[in-house]
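Encoded as structure tokens, the structure appears first; notes follow it.
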Amino acid sequence: MTKYFNSVDAVSDYAQMYPASLFRVEPNPQRCQCNGVRCGYEVSDKQDCEILETLVVCPVCANRIINPNTVQ
């Protein structure tokens, strides 16, 4: 599951809900919906290494998801 954020601070605030003792948040650049390569992070479970979420910093895609009728 991919989630888009307007800023690195927003990603950081969101990622704090994952306890560092159980989860790993690692930088991994991602291609976003608008086809740009953006700052991205993968959240994985430390025990089984399963990727739970991908967090991408892209204001264009974040705003498109919030306001799907907005034309950029």
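The values are calculated or read from the model by the stated rules, or taken from the named source; none is laboratory data. Bear in mind that the values here come from a model prediction, so they are computed numbers and not experimental data. Using ideal geometry, Cβ is built from the backbone for each residue, glycine included, and neighbour counts are taken over all protein chains shown.
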What number of residues within the stretch 25-47 are at pLDDT below 95 and among the small types (Gly, Ala, Ser)?
2
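A quick yes/no check of all residues on (1) of a type in the set (A, V, I, L, M, F, W, C); (2) touching a Cys at 6+ places or on another chain (Cβ under 9 Å):
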| position | (1), (2) |
| --- | --- |
| Tyr4 | no, yes |
| Asn28 | no, no |
| Asp45 | no, no |
| Val57 | yes, yes |
Hand me the list of strands (runs of 3 or more DSSP E) wholly inside the chain holding 3 or more residues that are surrounded by 17 or more Cβ atoms within 10 Å (Cβ to Cβ) and under 9 Å from the mean Cα position of the chain (by Cα).
37-45, 51-57
